[in-house]
Amino acid sequence: MRPPEPVTATLAGLPSPVCAYVYQRQALRDRVAAVRAALPAATLLYAVKANGHPEVVRTLAQSCDGLEVASGGELQLAVAAGARRIVFGGPGKTDAELTAAIAAGAQINVESGQELLRLDRLARAAGVVVPACVRVNRAGAALPGSHAMTGTPTPFGVDESQLGDVLAQPHDHVAVLGFHLHAVSNNLDGAAHARFLADALSWSRAAARRHRIHLRIVNAGGGLGVDYLSDATVDLAAVGAALDVPPGVELIVEPGRLLAADAGWYAAEVLDLKRTHGRWFAVLRGGTHHFRLPAAWGYSHPFTVLPRDHWPYDWPRPEVRDTTVDVVGELCTPRDVLARDRHVARLRIGDVLVFGRTGAYAWDISHHDFLRHPPPSFIIL
Ligand SMILES: Cc1ncc(COP(=O)(O)O)c(C=O)c1O
């Protein structure tokens with residue numbers, strides 16, 4: 001995926017050594033428009049965990065129907081961004097976080113029987129009835145993708161077989177409006193996602209009848225994918241094809257990756273080129289402490305070489321031509337690898353590598369403080 005001209009122009013103007021994330025607001029808005037066009041019947045929230053940069057959150061708070069948050073910190077970001085609607089999920093909410101969510105008027109995705117009891121107690125103390133969905137770990141409903149969170153043992157949600165017991169607990173101050181069924185990450189199969197949405201709706205109607213709930217909300221979570229090894233994105237037309245939301249029911253989707261990934265570019269300058277035991281290494285001013293996803297998921301992230309003419313030294317500039325390199329970071333660990341065995345036509349010390357699709361789960365999931373290198377600069381276009 002090649003960076004667009006506004007991104008390359010921005011990077012060309014940065015001082016050496018370049019190390020930056022560039023986020024494009026218009027790309028965020030364009031992706032929201034594409035999701036809305038494909039799923040006009042759904043309520044669209046943005047899952048802040050994908051990228052909590054305040055400008056990204058603000059842009060998506062304006063263009064989506066609301067924000068999904070998973071901590072007190074994200075809740076604060078969502079409030080500051082002026083989100084029209086906030087949904088608070090996550091398996092380990094503290095009383096302080098629940099209290100803040102109640103005060104912010106958030107809807108809660110309840111993750112366990114204990115959490116329902118605590119939420120009820122806190123809502124009673126606040127003198128309100130809190131809108132909520134119960135997150136369910138269903139017996140089936142697996143989807144292709146990674147990080148399966150349902151249909152398998154996980155700490156997320158209430159086991160389907162325990163739903164009756166959980167709902168039988170006293171909860172006068174929690175209005176259970178439906179179910180939250182987030183299932184998976186990075187699903188690239190649009191038709192399978194369409195089946196998952198249809199199944200989520202029909203399962204929820206049956207479960208609501210069984211447990212005597214007036215079903216008003218089905219939250220199908222996120223999980224719509226982008227392929228890091230190609231330009232492919234989940235086929236949104238296939239996801240939305242034949243989507244039939246029953247009257248009186250609100251279908252919520254809360255993607256993170258799909259909305260933010262393509263709006264971000266991570267750029268890092270080559271500080272050194274070296275050959276050890278027959279292998280070329282390009283050492284970057286950057287690495288997995290800024291962009292952990294390839295190391296976490298075990299793949300080589302594609303990049304584009306942005307040639308730069310800057311060479312301030314009075315000796316010849318080292319370069320490699322028509323060879324393969326491992327692209328590594330500035331950390332003192334052999335695991336600081338962003339890509340292995342990538343072919344480059346020409347690469348010089350001082351050139352900049354640009355990694356696309358880094359607007360989601362890139363900076364936000366990385367271990368920034370390891371070795372205390374300075375952070376990248378963040379540039380918002
Ligand atoms: C409850 C919930 N909703 C939404 C998301 C966003 O998922 P994605 O970024 O895959 O769309 C996640 C991600 O883990 C999640 O846990």
Completion exercise
Within the range 328-366, the count of residues that are on the phi > 0 side of the Ramachandran plot and either small (Gly, Ala, Ser) or part of a loop (DSSP other than H, G, I, E, B) (or both) comes to 3
Problem - Residue list for the range 77-118, restricted to those being away from the ligand (no atom under 16 Å from the Cβ) and among the charged types (D, E, K, R) - result: 84, 95, 118
Problem - The lone exception for residue 207 - which of (1) within 20 Å of residue 46 (Cα to Cα); (2) more than 16 Å from the ligand (Cβ to nearest atom) it fails - result: (1)
Exercise for the section: Please specify each residue of the range 246-262 satisfying the condition of being within 25 Å of the chain's Cα centre (by Cα) and farther than 30 Å from residue 324 by Cβ. Expected result: 250, 251, 252, 253, 254, 255, 256, 258, 259, 260
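One line per residue, one yes/no per condition, for (1) in contact with a helix residue (DSSP H, G or I) (Cβ under 8 Å, 6 or more places away or on another chain); (2) assigned by TED's automatic domain parsing to the domain that holds residue 208; (3) surrounded by fewer than 21 Cβ atoms within 10 Å (Cβ to Cβ):
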{"residue": "246", "(1), (2), (3)": "yes, yes, yes"}
{"residue": "268", "(1), (2), (3)": "no, no, no"}
{"residue": "278", "(1), (2), (3)": "no, no, yes"}
{"residue": "285", "(1), (2), (3)": "no, no, no"}
Exercise for the section: Output the residues belonging to the range 218-249 that are closer than 26 Å to residue 69 by Cβ, touching a Gly at 6+ places or on another chain (Cβ under 8 Å) and more than 14 Å from the ligand (Cβ to nearest atom). Expected result: 249
Completion exercise
Result of the Cβ filter at 8 Å on the range 351-368, keeping first residues that are more than 11 Å from residue 52 (Cα to Cα) and among the acidic types (Asp, Glu) and partners that are within 12 Å of the ligand (Cβ to nearest atom) and not in a strand (DSSP E or B), at least 6 apart or interchain, is none
Completion exercise
When every residue in the range 255-277 that is within 16 Å of the ligand (Cβ to nearest atom) and not small (Gly, Ala, Ser) is compared, the one nearest to residue 339 (Cα to Cα) is 262
Exercise for the section: Identify all residues within the range 184-204 that are in contact with a helix residue (DSSP H, G or I) (Cβ under 9 Å, 6 or more places away or on another chain) and either among the acidic types (Asp, Glu) or near the ligand (Cβ under 9 Å from one of its atoms) (or both); write none if there are none. Expected result: 184, 185, 186, 187, 189
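The values are calculated or read from the model by the stated rules, or taken from the named source; none is laboratory data. Owing to the predicted nature of the structure, the values given are computational and were not obtained by experimental measurement. For neighbour counting, all protein chains shown are included, and Cβ atoms are generated from backbone atoms with ideal geometry for every residue, glycine included.
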